[in-house]
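Taking it in order: structure first as structure tokens, then the write-up.
The values are calculated or read from the model by the stated rules, or taken from the named source; none is laboratory data. Just so we're clear, the structure is a prediction, and the values are computed from it rather than from any experiment. Using ideal geometry, Cβ is built from the backbone for each residue, glycine included, and neighbour counts are taken over all protein chains shown.
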């Protein structure tokens, strides 16, 4: 595998059988993702976007085809092996934050390290604190989700995704529960992390969100409709400045 490719997908299909009916969710998808890319995966309901996301996230397996993640052939792995790959290679960020209530930000971020069976992560509290510092929440370690804003909760979720030092960060509609300004703040964080070399896959149905990526892959009817660079890319930091200028005075 090319060392510059963190993901290689070749002619994958996904067929769901419901009784005598077969639903072809993916129809021969080919996709490479370079290390350090920030890519948006788009598609309407029923396009195959969610199915592709689940396969890339090792939450599901393709019916046929090849999936190689960071040098590991995912096809044929057992459920336990897939769980281990997810924990080591993929950081997940979800629309609903999925934080534990009545649990501090530090404890929430530390959680994935406690499931690491390799014994590599021995400094779990220290690593969790470093991840929170990285997303600008070094002064919120002991705060519970109810004591944080929506944007801060999503930053905790991003820190939790980063703490295992994954190969890719997979963000599924990460701004879906946020207002416009907070959405731009979170996108600015993703762009900053990407500038630091982290591979980001941003799953969204909103073109306004996809424009912050460097590349857009759009699915329709289980096939890739387009795969192209973003020519008019949004810059979240400048958009934040514009939003500040629009704030009413007084």
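Of the strands (runs of 3 or more DSSP E) lying entirely inside the stretch 18-75, those containing at least 1 residues that are more than 23 Å from residue 216 (Cβ to Cβ) and touching a strand residue (DSSP E or B) at 6+ places or on another chain (Cβ under 8 Å) are 21-34, 64-69. Of everything in the stretch 146-173 that is in a loop (DSSP other than H, G, I, E, B) and touching a residue at least 24 places away in the same chain (Cβ under 8 Å), the residue that is farthest from residue 39 (Cα to Cα) is 148. Looking at 7, 12, just one residue is assigned to a strand (DSSP E or B), under 20 Å from the mean Cα position of the chain (by Cα) and in contact (Cβ under 8 Å) with a residue 12 or more places away in the chain, and that residue is 7.
For the stretch 134-145, which residues satisfy the criterion of being at pLDDT below 95 and assigned to a helix (DSSP H, G or I)? Across the stretch 134-145, the qualifying residue is only 134. If I filter the stretch 146-156 for residues that are surrounded by 20 or more Cβ atoms within 10 Å (Cβ to Cβ), closer than 26 Å to residue 240 by Cα and in contact with a strand residue (DSSP E or B) (Cβ under 9 Å, 6 or more places away or on another chain), do I get at least one hit? The answer is yes; a qualifying residue exists.
Within the stretch 45-54, the only residue that satisfies the criterion of being farther than 13 Å from residue 27 by Cβ and either buried (at least 22 other Cβ atoms within 10 Å of the Cβ) or in contact with a helix residue (DSSP H, G or I) (Cβ under 7 Å, 6 or more places away or on another chain) (or both) is 49. Taking the stretch 90-110 as the range and being assigned to a helix (DSSP H, G or I) and either touching a strand residue (DSSP E or B) at 6+ places or on another chain (Cβ under 8 Å) or more than 26 Å from residue 7 (Cα to Cα) (or both) as the test, the residues that pass are 105, 106, 107, 108, 110.
The residues of the stretch 76-89 that are more than 18 Å from the chain's Cα centre (by Cα) and either assigned to a helix (DSSP H, G or I) or closer than 19 Å to residue 114 by Cβ (or both), listed by number, are 79, 80, 81. Scanning the stretch 174-185 for residues that are outside any helix (DSSP H, G or I) and buried (at least 17 other Cβ atoms within 10 Å of the Cβ) returns 174, 175, 178.
I want to confirm something. Restricting to the stretch 186-212 and keeping residues that are assigned to a helix (DSSP H, G or I) and free of Cβ contacts under 8 Å to residues at least 60 places away in the same chain, which single residue is farthest from the chain's Cα centre (by Cα)?
Out of the qualifying residues, it is 208.
Taking each residue of the stretch 97-114 that is within 21 Å of residue 182 (Cβ to Cβ) and looking for partners that are not in a helix (DSSP H, G or I) with beta-carbon atoms closer than 6 Å, six or more apart or interchain, yields 105/140; 105/141; 105/143; 108/99; 108/100; 109/163. Annotation: residue 115 fulfils all but one of (1) farther than 23 Å from residue 153 by Cα; (2) in contact with a helix residue (DSSP H, G or I) (Cβ under 9 Å, 6 or more places away or on another chain); (3) at pLDDT below 95; the unmet one is (1). Taking the stated definitions as given, is residue 15 surrounded by 15 or more Cβ atoms within 10 Å (Cβ to Cβ) and out of contact with any helix residue (DSSP H, G or I) (no Cβ under 7 Å at 6 or more places or on another chain)? In short, no.
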